[in-house]
Amino acid sequence: MNGKISKEIAMAFCLALALVVFMIFFINIPISPVHETTDREIKFDWIGLEDGAFVDTDQGFNDASEIRKGETVKMGPGKYYWKISETGAINSLVIQSEVSLAKQGNTVKNTGNTRILVEFFRKIGLTSRSVLDVDDSDRIEDVDGILIASEFDELNENNQTNQSQ
C-alpha cells in the first residue's frame, strides 16, 4: 500500500514539475503596465522568457513598435494595445489626459501630460491665450485675473479661428 501511495505522489510531483517547466518556457504573464494611468512614462514588464513585446494604437498591430522587457517608454494620452509575442494575448492600456497648470509669480507651467490651452481673463474679457506643450512655461504680464487651462484640441482651435474671421 505504501508503495502505491509513493508512486502516486511521485507521478503528481513529476506532472507538477513538467507543468512549471512548460510555463517557464512557453507562457509569458504580463505584470505592467496597468490598464489605466495618467503617467506618460510606461514600464513594460512580464514574467517569461520572451524578451520583446509589441505596442500599437491599432488592435491589429499593423504599425507596431517593438519594446524590450523592462523598457520604459514615454507615451502620450490615448488607448494602446500590447502583446508579448506574435501569438500572445492582447492587453490594453489607456493613458488618460491630465490637465495641470502651476503658477509661480508671473510664470505658468504645464505640469500635466497633454498639450493645453491657457487663457487669461481680466474684467475687460480675454486678454491673452497661449498653447503650452508638456513641461513648457509662459510668462503672463498681469497676475490679477483668471487663468483657465483646458486640453488643447487643434481641430476645435482651427474651427474657432475660422468662425471668428
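Quick note: the coordinates plus some simple rules give every number you see, no bench work behind them. Treat the numbers as computed from the prediction; the structure is a model and nothing was measured. Quick reminder, even Gly has a Cβ in these numbers, built from the backbone with ideal geometry, and neighbours come from all protein chains shown.
Here are the numbers:
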item	result
Helix-only CD estimate at 222 nm, as mean residue ellipticity for the chain, using -39500 (n - 2.57) per DSSP H run (n ≥ 4)	-7500 deg cm²/dmol
Contour excess over end-to-end distance, with Cα ends at His35 and Glu50 and 0.36 nm allotted per residue	3.3 nm
Neighbour-count ranking [beta-carbon atoms within 10 angstrom, fewest first] of Trp46, Trp82	Trp46, Trp82
Cα pair distances exceeding 19 angstrom across the stretch 19-100, given as percent	35
0 to 90° range, to nearest 10: angle between helix 2-26 axis and the chain longest Cα axis	30
Helix 154-164 vs. the chain, principal-axis angle (Cα, 0 to 90°, nearest 10)	20
Spherically averaged projected area of the stretch 5-53 from its Cα convex hull (nm²)	4.7
Options (1) 16.2; (2) 20.2; (3) 25.0 - which one matches Kirkwood radius over Cα pairs in Å as calculated here	(2)
